[in-house]
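Have a look at the structure below, then the notes.
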Amino acid sequence: MSQCLNPECLNINPDNFQFCQKCGNKLLLVERYWAKSILGQGGFGRTFLAVDEFKPSKPFCVIKQFLP
């Protein structure tokens, strides 16, 4: 599953989709990172568990999304 990174959407999409089914945003961040799930959120933003598609081993990483 892939998490939409649009702060107003956050829809969960199947892995084979390139765009969010609900809002239409791209799911692949900077043509490299797939957000898999929300790890946490607070007053300044959210943290997502992600996969780095650029590296051959496809390691897990973290995306920090700051919200104004």
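The values are calculated or read from the model by the stated rules, or taken from the named source; none is laboratory data. Because the structure is predicted, anything quoted here is derived from the model rather than measured. When we count neighbours, we look across all protein chains shown, and the Cβ atoms used for this are built from the backbone with ideal geometry, even at glycine.
Quick check on my filter: what residues within the range 23-39 are at negative phi and either out of contact with any strand residue (DSSP E or B) (no Cβ under 8 Å at 6 or more places or on another chain) or of a type in the set (Gly, Ala, Ser) (or both)? Don't jump to the end; show me each part of the working.
Of the residues in the range 23-39, the ones at negative phi are 23, 25-29, 32-39.
Result: Cys23, Ala35, Ser37.
Residue-by-condition table, conditions (1) at pLDDT 95 or above; (2) part of a strand (DSSP E or B); (3) more than 15 Å from Gln65 (Cβ to Cβ):
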| residue | (1), (2), (3) |
| --- | --- |
| Glu8 | no, no, no |
| Asn16 | no, no, yes |
| Lys22 | yes, no, yes |
| Glu31 | no, no, yes |
| Ala35 | yes, yes, no |
| Gly40 | yes, yes, no |
| Gly43 | no, no, no |
| Ala50 | yes, yes, no |
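How do the pairs read when you match residues in the range 44-68 that are more than 18 Å from Glu8 (Cα to Cα) and in contact (Cβ under 8 Å) with a residue 12 or more places away in the chain with residues anywhere that are of a type in the set (D, E, K, R) and assigned to a loop (DSSP other than H, G, I, E, B), using Cβ under 9 Å and keeping only pairs 6 or more apart or on different chains?
Val51/Lys58; Asp52/Arg32; Asp52/Lys58; Glu53/Glu31; Glu53/Arg32; Phe54/Glu31; Phe54/Arg32
Among the residues in the range 23-35, are any hydroxyl-bearing (Ser, Thr, Tyr) and in contact with a Pro (Cβ under 8 Å, 6 or more places away or on another chain)?
no
Looking at the range 23-43, which of its residues are loosely packed, with under 14 Cβ neighbours inside 10 Å and either among the charged types (D, E, K, R) or touching a Phe, Trp or Tyr at 6+ places or on another chain (Cβ under 6 Å) (or both)?
Of everything in the range 23-43, those that are loosely packed, with under 14 Cβ neighbours inside 10 Å and either among the charged types (D, E, K, R) or touching a Phe, Trp or Tyr at 6+ places or on another chain (Cβ under 6 Å) (or both) turn out to be Lys26, Glu31, Arg32.
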